[in-house]
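Asks: After the structure tokens below, expect a handful of questions from me.
Derivation of every value follows stated rules applied to the coordinates shown; laboratory data play no part. Values in this document were obtained by computation on a predicted structure and should not be read as measured data. Cβ: placed from backbone, ideal geometry, glycine included. Neighbour counts: every protein chain shown.
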Amino acid sequence: MRVDMHVHSCLSDGLSLPSKIAKSALGKVDGLAFTDHISSRDQLKLLEKRFRVYGSIKIDGLTIIPGFELSYDFGHVLAVFSDFNLSFPSRVFHDIWEFREFVKGCGGVVIAAHIFRSSGVGRRVFDLKEVFDALEVYPFNYDFDVYSLQIPLIAGSDSHTPYTVGFAYTYIPHSNCSADDIIQSIVKGRVLPVIRKPYILRKLIDVPHILSFL
């Protein structure tokens, strides 16, 4: 099963409706995680509405996973879940350990987003490795030995338009997995990151489309 674990929609800084992105994903991937950005106290409560939007998408052959991307001073972090009906607090988690406790209590996983980018955790992951259930390695490079951390590796496109969904994805050696099955596969390390297209190509395709709407 191919799952794009990092996709943005117009609910944050992406271009298209979640439903349109999901329809465009058919044939490219078998599942996708919506990980729209949050950055403020108000947006944290908006997650409940966003998750309901994600949960309303019903497409045969495509598993939808709810999540979000949160920015810390040390780098970007993804949280993904299997439950579309979570209740979120009214405040942002400034402490990463408190954040992890909340996510794990909701049955989710905490992922270091695009770990090799400047906005990723980077080498700081060696001090924070107990925080993360997985590391996202798209784009990939050899800045440091990510394998030595012995943390499951996943991939997601970080797509902001329907055109680049599936440029990178996480392979799971099972078919027709539910969102919970996918999360459990990540926790158990039964996943493999797959990079189909160069990250620079993803940027070259996404950015002009986004700028054309500004």
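Asks: Taking K and R as +1 and D and E as -1, what net charge do the other residues with C-beta under 12 Å from the C-beta of residue 171 add up to? Before the final figure, lay out each step's value.
Replies: Details: positive: 2, 190, 196; negative: 4, 30.
Result for the local shell: +1.
Asks: List the chymotrypsin sites (Phe, Trp or Tyr not before Pro) within the stretch 60-148 that DSSP assigns to loop and that have no more than 15 neighbouring Cβ atoms inside 10 Å. Let's see the in-between values first.
Replies: Working: sites: 68, 72, 74, 81, 84, 93, 97, 99, 102, 116, 126, 132, 140, 142, 144, 147; in loops: 74, 81, 84, 93, 116, 132, 140, 142, 144.
For chymotrypsin sites (Phe, Trp or Tyr not before Pro) across the stretch 60-148 that sit outside H, G, I, E and B with at most 15 neighbouring Cβ atoms in 10 Å, the list reads 142, 144.
Asks: Counting only DSSP beta bridges with both residues in the stretch 2-211, tell me the antiparallel percent, nearest 5. Please list the in-between numbers first.
Replies: On the way: 17 of 32 bridges.
Restricted to the stretch 2-211, the bridges split so that about 55 percent are antiparallel.
Asks: Could you tell me which trypsin sites (Lys or Arg not before Pro) in the stretch 82-160 are loop residues by DSSP with no more than 11 other beta carbons within 10 angstrom of their beta carbon? If you can, show how the numbers build up before the last one.
Replies: On the way: sites: 91, 100, 104, 117, 123, 124, 129; in loops: 91, 117, 129.
Answer by residue number: 91.
Asks: Quote to one decimal, in nm, the extra length available between residue 19 and residue 87 on full extension: 0.36 nm per residue of separation minus the C-alpha distance between them.
Replies: Numbers: separation 68, 0.36 × 68 = 24.48 nm, distance 2.26 nm.
Taking 0.36 nm per residue and subtracting the Cα distance, the gain is 22.2 nm.
Asks: Net charge around residue 81, counting only other residues with Cβ within less than 11 Å of its Cβ (Lys, Arg = +1; Asp, Glu = -1)?
Replies: Numbers: positive: 104; negative: 83, 180.
Local net charge: -1.
Asks: Can you list the residues, at least 5 places off or on another chain, whose amide H is less than 5 Å from the amide H of residue 154, using H built in the peptide plane?
Replies: 135, 136, 137
Asks: Mind giving me the nanometre distance, one decimal, between the label points for residue 102 and residue 73, set 7 Å out from Cα along Cα→Cβ?
Replies: The two pseudo-label positions are separated by 1.9 nm.
Asks: Which whole-angstrom value gives the distance between the alpha carbon centres of the stretch 191-207 and the stretch 24-63?
Replies: With the stretch 191-207 and the stretch 24-63 each reduced to a Cα centre, they are spaced 20 Å.
Asks: Once the other residues with Cβ under 15 Å from the Cβ of residue 8 are scored (Lys, Arg +1; Asp, Glu -1), what is the net sum? Working shown, then result.
Replies: Working: positive: 20, 50, 117, 202, 203; negative: 4, 13, 36, 69, 136, 158, 206.
After counting each charged neighbour, the total is -2.
Asks: Considering the convex hull of the alpha carbon atoms of the stretch 14-137, report its projected area averaged over all viewing directions, in nm², one decimal. Before the final figure, lay out each step's value.
Replies: On the way: hull surface 30.9 nm².
Over every viewing direction, the Cα hull of the stretch 14-137 projects on average to 7.7 nm².
Asks: Roughly how large, in nm² to one decimal, is the mean projection of the convex hull of the alpha-carbon atoms in the chain?
Replies: On the way: hull surface 42.9 nm².
Averaged projected hull area, Cα only: 10.7 nm².
Asks: While we're looking at this one, here's another question. Below 8 Å between Cα atoms, with a sequence gap of 6+, how large is the relative contact order for the chain in percent? Please list the in-between numbers first.
Replies: Working: 474 pairs, mean separation 50.2, N = 214.
With pairs under 8 Å counted, the relative contact order is 23 percent.
Asks: Straight-line reach only, C-alpha to C-alpha below 25 angstrom: list the lysines that residue 104 could link to, leaving out same-chain residues fewer than 8 apart.
Replies: Cross-link targets: 45, 49, 129, 188.
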